[in-house]
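The values are calculated or read from the model by the stated rules, or taken from the named source; none is laboratory data. On a predicted model such as this, the values are computed, not experimentally measured, just so you know. When we count neighbours, we look across all protein chains shown, and the Cβ atoms used for this are built from the backbone with ideal geometry, even at glycine. We work out accessible area using only protein heavy atoms, side chains counted, and drop any ligands, DNA or RNA first. Shrake-Rupley method; radii C 1.70, N 1.55, O 1.52, S 1.80 Å.
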Amino acid sequence: MHILRTPQELSQTADVCRVNGQSVAMVPTMGALHQGHTSLIDLARQHADIVVATIFVNPLQFNNSVDFDKYPLQMDHDVQLLEQHGVQFLYAPNVDAMYGANFSTSVHVGGITDVLEGSSRPGHFAGVSTVVAKLFSAARPDVAIFGQKDFQQFAVIQRMVSDLDMPIQLIMAPTIREPDGLAMSSRNIRLSDLARHEAVAIWQGLRKAQEQFSAGIRDSDQLIKTVESMIESTSADIDYVKVIDPVTLNGLSIATPGCVIVVAVVLDEVRLIDNHVLV
Ligand code: PAF
């Protein structure tokens, strides 16, 4: 695997691939890789000849400096994992290479960034869309893969790609879960043993809501209460539980197949998010 450090190296490498007739898939990450990420890589390999993974802990998307400082870094482990999964190129710039002197551009997607994670984490999505726009602009990949766990992030990037006419196919990969159902996340390792044990209530709540939906319940408030009461039996603080439309992200009072229950909690000072598409 070749490691690239500057946007110029990334851009030239992607150009060479294209000249050779090879399609390029990009998997943007912030490192601390786990099975959730490797599932994105495996999916990327099915969609393109060349996989470019990126690792960059993006300071612009952290509205909380403690969260940024505590973000786990495991570069050696990550490089090994990416090699095992057949990644040909890793783009791992430092902050200076990503944001040069006097950097002053921000990509702001309106509307859908005002709710959910956007209202709890001001500036977060401008940070995400700015860095992803820079990655896309340097590499111009054919395909890019993101996980379903960050459902709103996917919707925001999809909006940006469509609004800015970026010819990139986005693929949403399913959430990978621990055996007990907790969605895999780089933040999970910050949970105490007790909090890790309690965190499974999020998935249990979502599963119970799906059972009720399958039994014919359509009232969103009832489904939300089900998820909330499961989480309230733990020490987690609920930020939101909502039933939303998958494209507009607007809250729905009546749940329909394909709509999404989204959850955010803070447990042991760690923010955890999850979601489930009702079927
Ligand atoms: O999902 C992430 O890990 C990040 O938000 C991303 C997309 C790599 C942008 O920094």
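Of the residues making up segment 67-83, those that are of a type outside the set (D, E, K, R), out of contact with any Pro (no Cβ under 7 Å at 6 or more places or on another chain) and free of Cβ contacts under 8 Å to residues at least 24 places away in the same chain number 1. The residue that is farthest from residue 32 (Cα to Cα), among those in segment 179-193 that are open to solvent by 30 Å² or more (accessible area, probe 1.4 Å), in contact (Cβ under 8 Å) with a residue 12 or more places away in the chain and away from the ligand (no atom under 16 Å from the Cβ), is 180. Working only within segment 176-231, note down all residues that are hydrophobic (A, V, I, L, M, F, W, C) and part of a loop (DSSP other than H, G, I, E, B). 176, 182, 184, 191, 199, 215, 217, listed by residue number. Scanning segment 2-31 for residues that are at positive phi and in contact with an Asp or Glu (Cβ under 7 Å, 6 or more places away or on another chain) gives a single hit, 31. For residue 12, the criteria (1) under 13 Å from residue 91 (Cα atoms); (2) within 16 Å of the ligand (Cβ to nearest atom) hold in every case but one, which is (2).
Note on segment 34-62: residues that are within 17 Å of the chain's Cα centre (by Cα), away from the ligand (no atom under 13 Å from the Cβ) and open to solvent by 20 Å² or more (accessible area, probe 1.4 Å) amount to 4. Among the residues making up segment 63-113, a single one is closer than 25 Å to residue 188 by Cβ, open to solvent by 80 Å² or more (accessible area, probe 1.4 Å) and among the hydrophobic types (A, V, I, L, M, F, W, C): 73. Per the conditions (1) within 15 Å of the ligand (Cβ to nearest atom); (2) modelled with pLDDT of 95 or more, the sole criterion not satisfied by residue 67 is (2).
Name the residues in segment 139-170 that are among the hydrophobic types (A, V, I, L, M, F, W, C) and more than 14 Å from the ligand (Cβ to nearest atom), would you? Scanning segment 139-170 gives 143, 164, 166. Within segment 145-165, is there a residue that is assigned to a loop (DSSP other than H, G, I, E, B), at pLDDT 95 or above and of a type in the set (A, V, I, L, M, F, W, C)? The answer is yes, given that some residue of segment 145-165 is assigned to a loop (DSSP other than H, G, I, E, B), at pLDDT 95 or above and of a type in the set (A, V, I, L, M, F, W, C).
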